[in-house]
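One structure is given here, and the rest of the page talks about it.
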Amino acid sequence: MVAIYENFGVRFLYPENWTVQDEQLEAWPRSVSLQSPNGAYWELQVYPSGTSPGQLVKQALTAMRGIYEDLEAEAVTEELWKVTARGYDLQFFCLDFLVTSRIRSFHAGAHTCLLTCQAESREFDHQQRVFDAITKSLLDEKPA
């Protein structure tokens, strides 16, 4: 089954067995994160439209490098359903697990978005389909 998230001008669908883990509704950036029963997560941060997607992904990468010293990062640009996204594909160790993370930033309507998807590497390929479905539902929605 599918649940619907609708708040601070964004709307998307997500699996009902995932939980809304955290929300920031008052200050910028607005944000919401979802967590799967297995610990994978999808996080969206929403900034005003004048915010640079390139600057956001650089800041996110710098923050991740500050936490994970063995971080490997590859710069990517990709099309997400008619939206050009820039970011990084990351891999690092956390608590003896190899973790895969993807950071993407893009303009959507009147906002700039920073999207992070992360899961333990052995599970990332399976979760990628879920991450993509959530992101597609976000980008298919008309801005509020």
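The values are calculated or read from the model by the stated rules, or taken from the named source; none is laboratory data. All values reported here derive from a predicted model rather than from experimental measurement. Heads up, the Cβs are rebuilt from the backbone with ideal geometry, glycines too, and the neighbour counts pull from every protein chain shown. Just so you know, the surface numbers come from the protein's heavy atoms only, side chains and all, with ligands and any DNA or RNA stripped out. Shrake-Rupley method; radii C 1.70, N 1.55, O 1.52, S 1.80 Å.
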Evaluate the following for Ala75: is it over 23 Å from Gln35 (Cα atoms), within 16 Å of the chain's Cα centre (by Cα) and hydrophobic (A, V, I, L, M, F, W, C)?
yes
Kindly provide the set of residues from the range 90-106 that are surrounded by fewer than 16 Cβ atoms within 10 Å (Cβ to Cβ) and either at pLDDT 90 or above or part of a strand (DSSP E or B) (or both), ordered by number.
Phe93, Cys94, Phe97, Leu98
Residues of the range 63-87 being part of a helix (DSSP H, G or I), farther than 26 Å from Ala110 by Cα and open to solvent by 40 Å² or more (accessible area, probe 1.4 Å), in sequence order, are Arg65, Gly66, Ile67
Is it the case that some residue within the range 23-40 is out of contact with any Pro (no Cβ under 9 Å at 6 or more places or on another chain), assigned to a loop (DSSP other than H, G, I, E, B) and of a type in the set (S, T, N, Q)?
yes
Just checking, how many residues over the range 61-79 are over 17 Å from Leu114 (Cα atoms) and touching a residue at least 24 places away in the same chain (Cβ under 8 Å)?
1
Taking the criterion of being open to solvent by less than 30 Å² (accessible area, probe 1.4 Å), under 14 Å from the mean Cα position of the chain (by Cα) and modelled with pLDDT of 95 or more, would at least one residue in the range 15-29 satisfy it?
no
